[in-house]
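Right, one structure below, let's go through it.
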Amino acid sequence: MILYTVKLKKSAKIDIVKVYDYIEQMLFAPIAAKNFLSGIYSCIANLEYNAGIFAISAFNDVLCYGMNARTINYKGFVIIYTIHSRYVLVHRIIHGSLIKN
């Protein structure tokens with residue numbers, strides 16, 4: 001089994017902050033925002049062990065991040081990542097409704 005180092009691009013970090021802020025401030029749900037944050041980071045951390053089990057995406061909106069771009073879902077959001085020799089690079093975290101073919 002390959003153990004990957006998981007790295008987040010600045011764009012992915014910004015995406016997480018925007019979703020957190022939206023849940024906390026616009027929906028007035030600070031506990032839900034903290035739960036989302038905990039859950040999304042847990043999902044991303046799991047890529048350390050199982051990044052390779054997910055298929056390469058067939059969606060053009062995902063493949064623009066690389067020919068080997070893959071996705072994993074968390075509560076309606078799509079985590080877009082690529083696998084490199086010893087690390088996983090998370091590019092974006094966006095709402096699933098924004099993924100079109």
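List of remarks:
- The residues on offer are Ile23, Ile16, and the sole one that is in contact (Cβ under 8 Å) with a residue 60 or more places away in the chain and surrounded by 12 or more Cβ atoms within 10 Å (Cβ to Cβ) is Ile16.
- Scanning segment 64-81 for residues that are under 14 Å from the mean Cα position of the chain (by Cα) and more than 12 Å from Leu8 (Cβ to Cβ) yields Tyr65, Ala69, Arg70, Thr71, Ile72, Asn73, Tyr74, Lys75, Gly76, Phe77, Val78.
- Within segment 1-13, considering residues that are part of a helix (DSSP H, G or I) and in contact (Cβ under 8 Å) with a residue 24 or more places away in the chain, the one nearest to the chain's Cα centre (by Cα): Ala12
- So Ile44, is it modelled with pLDDT of 95 or more and surrounded by 15 or more Cβ atoms within 10 Å (Cβ to Cβ): yes
Per-residue answers, yes or no, for (1) touching an Asp or Glu at 6+ places or on another chain (Cβ under 9 Å); (2) assigned to a strand (DSSP E or B); (3) under 26 Å from Leu3 (Cβ atoms); (4) of a type in the set (A, V, I, L, M, F, W, C):
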{"site": "Gln25", "(1), (2), (3), (4)": "no, no, no, no"}
{"site": "Phe28", "(1), (2), (3), (4)": "no, no, no, yes"}
{"site": "Gly39", "(1), (2), (3), (4)": "no, no, yes, no"}
{"site": "Cys43", "(1), (2), (3), (4)": "no, no, yes, yes"}
{"site": "Leu47", "(1), (2), (3), (4)": "no, no, yes, yes"}
{"site": "Asn50", "(1), (2), (3), (4)": "no, no, yes, no"}
{"site": "Tyr65", "(1), (2), (3), (4)": "no, no, yes, no"}
{"site": "Thr82", "(1), (2), (3), (4)": "no, yes, yes, no"}
{"site": "Val90", "(1), (2), (3), (4)": "no, yes, yes, yes"}
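- Residue match in segment 53-62 (condition: buried (at least 17 other Cβ atoms within 10 Å of the Cβ), at pLDDT 95 or above and in a strand (DSSP E or B)): no
- Annotation: Ser97 fulfils all but one of (1) farther than 17 Å from Ile2 by Cβ; (2) among the hydroxyl-bearing types (Ser, Thr, Tyr); (3) out of contact with any Leu (no Cβ under 7 Å at 6 or more places or on another chain); (4) at pLDDT 95 or above; the unmet one is (4).
- Neighbours by Cβ (under 9 Å, 6+ apart or cross-chain): first from segment 57-68, under 16 Å from Leu98 (Cβ atoms) and free of Cβ contacts under 8 Å to residues at least 60 places away in the same chain; second in a loop (DSSP other than H, G, I, E, B) and of a type in the set (Gly, Ala, Ser): Ser57/Ala69; Phe59/Ala69; Val62/Ala69; Leu63/Ser57; Leu63/Ala69; Tyr65/Ser57
The values are calculated or read from the model by the stated rules, or taken from the named source; none is laboratory data. Not measured: the values here are computed from a predicted model. Please note: Cβ atoms are built from the backbone with ideal geometry, for glycine as well, and neighbour counts cover all protein chains shown.
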